[in-house]
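Written below as structure tokens is the structure these notes are about.
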Amino acid sequence: MAERTGGRGRAVHRGRVVHAAHVTPHMIRVVLGGDGLAAFDAGACTDHYVKLLFPAPGTDLPEPFDIDAARRDLPRDQWPRMRTYTVRAWDPAARELTVDFVHHGDRGLAGPWAAAARPGDEILFLGPGGGYAPAPDAERHLLAGDESALPAIAASVERLPEGVPADVVVEVAGPAEEQKLAAHSGVRVQWVHRGDRPVGEGLVAAVRALGAPTGDLHAFVHGEAGFVRELRRLLRVEWGVPRERLSISGYWRTGSDEDGWQAGKAEWNAGVEREEAAALGGA
Ligand SMILES: Cc1cc2nc3c(=O)[nH]c(=O)nc-3n(C[C@H](O)[C@H](O)[C@H](O)COP(=O)(O)OP(=O)(O)OC[C@H]3O[C@@H](n4cnc5c(N)ncnc54)[C@H](O)[C@@H]3O)c2cc1C
């Protein structure tokens, strides 16, 4: 796995929309460019992410924007709202940052922003952070997630080492949401169609059906927090995969916006860890 890079990078970047278009009916690709990306760089990790900044209702972001000053000087309800998005691609020569947004309906900030994005629109963001890239010494890889993790999974697939077997299992709403992945011949890609089932139900079943791995498995598992918890239990408790070979976390939570999910995430993770320790006999 790659070394974790500072998720709370303080540099604020200003991206200008160069291009925005649907990749699939519910995935919108926004390419950001402009001089405001002069200090941006990414590449060590395949799960690099940025924190997009949206003004709190009824406010504008102060110019020039300084996140530390904003937090020091403004009441909490006026702090900008943050939304976390993967660096799907970064082209330093063209100075272009590609971000893929799930358009999950009219609720929220980032999904609707992407749906309305037009060339020339601007957005401020922090980052990048990141913590994963496929380990070159793993004997087998597993990449599993929903649409929110697909940008990181797609970027990771491009860096899977030749000759090492890998399973990629992605749950999407239906066949129209599948994307072409740049996978080498040793990579088995499975698309799970959610249909009317709850998010993650089909994905958990598909990963379980792979069977316990032989050899040193490294896994990247992200998406809705409820199914991530189930897959973590499968990998850690049932299959005995060591913690340090897993990149595993909830990217979002049904029924919570990102502010709510992030506020409760530490407690959620502590609960997951307690459960796991008890199941592994360490509690
Ligand atoms: C490290 C990291 C990387 C991420 N990368 C990406 C990425 O590249 N692309 C991406 O689309 N998302 C990504 N996410 C997830 C994204 O941050 C959340 O989905 C976020 O909540 C979306 O913000 P929003 O303003 O659109 O909706 P919010 O205001 O946060 O939520 C509004 C409502 O929509 C629901 N909701 C949120 N996300 C989804 C979803 N994906 N499907 C269905 N319902 C949803 C919430 O439960 C809530 O009810 C990433 C998250 C993390 C932590």
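The values are calculated or read from the model by the stated rules, or taken from the named source; none is laboratory data. It should be emphasised that the depicted structure is a prediction, and the values quoted were computed from it without experimental measurement. Backbone-built Cβ (ideal geometry, glycine too); neighbour counts: all protein chains shown. With ligands, DNA and RNA removed, areas are computed over all heavy atoms of the protein, side chains included. Shrake-Rupley method; radii C 1.70, N 1.55, O 1.52, S 1.80 Å.
Failed condition for GLY255, given (1) assigned to a helix (DSSP H, G or I); (2) open to solvent by 50 Å² or more (accessible area, probe 1.4 Å); (3) closer than 30 Å to HIS103 by Cα, with all others met?
(1)
Which residue pairs have Cβ atoms under 9 Å apart, sit 6 or more places apart or on different chains, and have a first residue in segment 225-240 that is at positive phi and a second that is at pLDDT 95 or above and not in a helix (DSSP H, G or I)?
Going by the 9 Å Cβ cut-off, the qualifying pairs are GLY240/ALA212.
Is it fair to say ASP35 is among the charged types (D, E, K, R) and either more than 17 Å from the chain's Cα centre (by Cα) or open to solvent by 20 Å² or more (accessible area, probe 1.4 Å) (or both)? Let's see the steps before the verdict.
Values: among the charged types (D, E, K, R): yes; either more than 17 Å from the chain's Cα centre (by Cα) or open to solvent by 20 Å² or more (accessible area, probe 1.4 Å) (or both): yes.
Against the criterion (among the charged types (D, E, K, R) and either more than 17 Å from the chain's Cα centre (by Cα) or open to solvent by 20 Å² or more (accessible area, probe 1.4 Å) (or both)), ASP35 qualifies.
For residues that are touching a Lys or Arg at 6+ places or on another chain (Cβ under 9 Å) and closer than 29 Å to GLY250 by Cβ, tally how many sit in segment 38-56. Spell out the reasoning first.
Filtering segment 38-56 down to residues touching a Lys or Arg at 6+ places or on another chain (Cβ under 9 Å) leaves 38, 40, 45-46, 51-56.
Keeping just the survivors that are closer than 29 Å to GLY250 by Cβ gives 40, 45-46, 51-56.
Matching residues across segment 38-56 total 9.
Please find, among GLY260, GLY223, the residue that is of a type outside the set (A, V, I, L, M, F, W, C) and touching a Gly at 6+ places or on another chain (Cβ under 8 Å).
Values: GLY260 fails: touching a Gly at 6+ places or on another chain (Cβ under 8 Å).
None of the other options fit; the residue is GLY223.
Which of the residues belonging to segment 124-149 are assigned to a loop (DSSP other than H, G, I, E, B) and not aromatic (Phe, Trp, Tyr)?
Hits for segment 124-149 are GLY131, ALA133, PRO134, ALA135, PRO136, ASP137, ALA138, GLU139, ASP146.
So TRP113 passes all but one of these: (1) away from the ligand (no atom under 16 Å from the Cβ); (2) in contact with a strand residue (DSSP E or B) (Cβ under 9 Å, 6 or more places away or on another chain); (3) more than 20 Å from GLU158 (Cα to Cα); (4) open to solvent by 40 Å² or more (accessible area, probe 1.4 Å). Which condition number does it fail?
Answer for TRP113: the failing condition is (1).
Quick check on my filter: what residues within segment 97-110 are aliphatic (A, V, I, L, M), within 10 Å of the ligand (Cβ to nearest atom) and either more than 28 Å from ALA39 (Cβ to Cβ) or assigned to a strand (DSSP E or B) (or both)?
To start, the set of residues in segment 97-110 that are aliphatic (A, V, I, L, M) comprises 97, 99, 102, 109-110.
Okay, now just the ones that are also within 10 Å of the ligand (Cβ to nearest atom), so 99, 102, 109-110.
Of everything in segment 97-110, those that are aliphatic (A, V, I, L, M), within 10 Å of the ligand (Cβ to nearest atom) and either more than 28 Å from ALA39 (Cβ to Cβ) or assigned to a strand (DSSP E or B) (or both) turn out to be VAL99, VAL102.
Look through segment 232-252, keep the residues that are more than 16 Å from GLU147 (Cα to Cα) and either outside the structural domain of LEU203 (by TED's automatic domain parsing) or under 16 Å from the mean Cα position of the chain (by Cα) (or both), and return whichever of them is surrounded by the most Cβ atoms within 10 Å (Cβ to Cβ). Explain how you work it out, then say what you get.
Quick first cut of segment 232-252, residues more than 16 Å from GLU147 (Cα to Cα) only: 232-247.
Within this subset, residues satisfying the condition of being either outside the structural domain of LEU203 (by TED's automatic domain parsing) or under 16 Å from the mean Cα position of the chain (by Cα) (or both) are 246-247.
Values: LEU246: 20, SER247: 24.
Among those that are more than 16 Å from GLU147 (Cα to Cα) and either outside the structural domain of LEU203 (by TED's automatic domain parsing) or under 16 Å from the mean Cα position of the chain (by Cα) (or both), it is SER247.
So, ASP216, is that one open to solvent by 50 Å² or more (accessible area, probe 1.4 Å), touching a strand residue (DSSP E or B) at 6+ places or on another chain (Cβ under 9 Å) and not assigned by TED's automatic domain parsing to the domain that holds ALA110 or not?
Details: open to solvent by 50 Å² or more (accessible area, probe 1.4 Å): no; touching a strand residue (DSSP E or B) at 6+ places or on another chain (Cβ under 9 Å): yes; not assigned by TED's automatic domain parsing to the domain that holds ALA110: yes.
Taking the combined requirement at face value, the residue does not satisfy it.
How about segment 224-259: which of its residues are within 8 Å of the ligand (Cβ to nearest atom) and small (Gly, Ala, Ser)? Steps first, please.
Keep residues of segment 224-259 that are within 8 Å of the ligand (Cβ to nearest atom), which gives 224, 249-259.
Within segment 224-259, SER249, GLY250, GLY255, SER256 meet the criteria.
Any residue that is away from the ligand (no atom under 16 Å from the Cβ), touching a Leu at 6+ places or on another chain (Cβ under 8 Å), assigned by TED's automatic domain parsing to the domain that holds VAL169 and modelled with pLDDT of 95 or more - is there at least one of those in segment 270-281? Let's see the steps before the verdict.
Applying the first criterion (away from the ligand (no atom under 16 Å from the Cβ)) to segment 270-281 yields 270-271, 273-281.
If we keep only those that are touching a Leu at 6+ places or on another chain (Cβ under 8 Å) as well, we get none.
Among the residues of segment 270-281, not one is away from the ligand (no atom under 16 Å from the Cβ), touching a Leu at 6+ places or on another chain (Cβ under 8 Å), assigned by TED's automatic domain parsing to the domain that holds VAL169 and modelled with pLDDT of 95 or more, which makes the answer no.
Which condition number does PRO119 fail, the rest of (1) buried (at least 16 other Cβ atoms within 10 Å of the Cβ); (2) closer than 16 Å to ARG29 by Cα; (3) touching a residue at least 60 places away in the same chain (Cβ under 8 Å) being met?
It is condition (1) that PRO119 fails.
Go through (1) touching a His at 6+ places or on another chain (Cβ under 8 Å); (2) crowded, with 21+ Cβ neighbours inside 10 Å; (3) assigned to a strand (DSSP E or B) and name the single condition ASP167 misses.
(2)
Is it the case, given these coordinates, that ARG159 is in contact with a Ser or Thr (Cβ under 6 Å, 6 or more places away or on another chain) and part of a loop (DSSP other than H, G, I, E, B)?
On the way: in contact with a Ser or Thr (Cβ under 6 Å, 6 or more places away or on another chain): yes; part of a loop (DSSP other than H, G, I, E, B): yes.
Against the criterion (in contact with a Ser or Thr (Cβ under 6 Å, 6 or more places away or on another chain) and part of a loop (DSSP other than H, G, I, E, B)), ARG159 qualifies.
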